[in-house]
Amino acid sequence: MTAHAFDPDAEFVTPPLYTLKLTAAQRCVLDWIERHGGLFAAISVPVDDVVRDVDHSESTVYEALARLTTLGLLVRDDAGTYRINARYVLSSNPDLRRLVAAALVDPPITPDTRAAAPRKVSNVDARRRRTIRSV
């Protein structure tokens, strides 16, 4: 078995967004989730708030959530929260994709013996700590 180098451009390939033929409502819902933190964490998506913000009907928002989840652009967990698929984020941001690729091949950061030793205190710091100052 030969090991191959990790290629983020091959690993994080997703179809271009325009090829998915998203409706305006689906794009609005995806944008709403991104603007409310769904890019970095799973968030609850109160449909009433989305309806008010994107100016679409409740059924349209539910349909958008269902289609975006079916396409894999959104990931829904058991608690009913949504987050944007990380593969989509990485495919649309080449700089971030390169950073992730570097993190996967860079060596881990390991503390040495100096990091584990107690911190050395200078004489000035030691005297400063012993002095009680009035308030």
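The values are calculated or read from the model by the stated rules, or taken from the named source; none is laboratory data. Keep in mind the model is a prediction, meaning the values are calculated, not measured. When we count neighbours, we look across all protein chains shown, and the Cβ atoms used for this are built from the backbone with ideal geometry, even at glycine. Please note that ligands, DNA and RNA were not included when accessible areas were found on the heavy atoms of the full protein model with its side chains. Shrake-Rupley method; radii C 1.70, N 1.55, O 1.52, S 1.80 Å.
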* To do: Looking for whichever is open to solvent by less than 80 Å² (accessible area, probe 1.4 Å) and touching a His at 6+ places or on another chain (Cβ under 9 Å) here; the options are Val45, Val75, Val54. Which one fits?
  => Val45
* Asked: Does at least one position in the range 36-47 carry a residue that is part of a helix (DSSP H, G or I), touching a helix residue (DSSP H, G or I) at 6+ places or on another chain (Cβ under 9 Å) and farther than 22 Å from Arg87 by Cα?
  -> yes
* Asked: When you go through Val50, Val29, Val45 one by one, which is the residue that is in contact with a strand residue (DSSP E or B) (Cβ under 7 Å, 6 or more places away or on another chain) and at pLDDT 80 or above?
  -> Val45
* Any chance Arg133 is more than 18 Å from Leu20 (Cβ to Cβ), crowded, with 16+ Cβ neighbours inside 10 Å and modelled with pLDDT under 95 -> no
* Unique match (being at pLDDT 95 or above and of a type in the set (Asp, Glu)) among Glu58, Glu34 -> Glu58
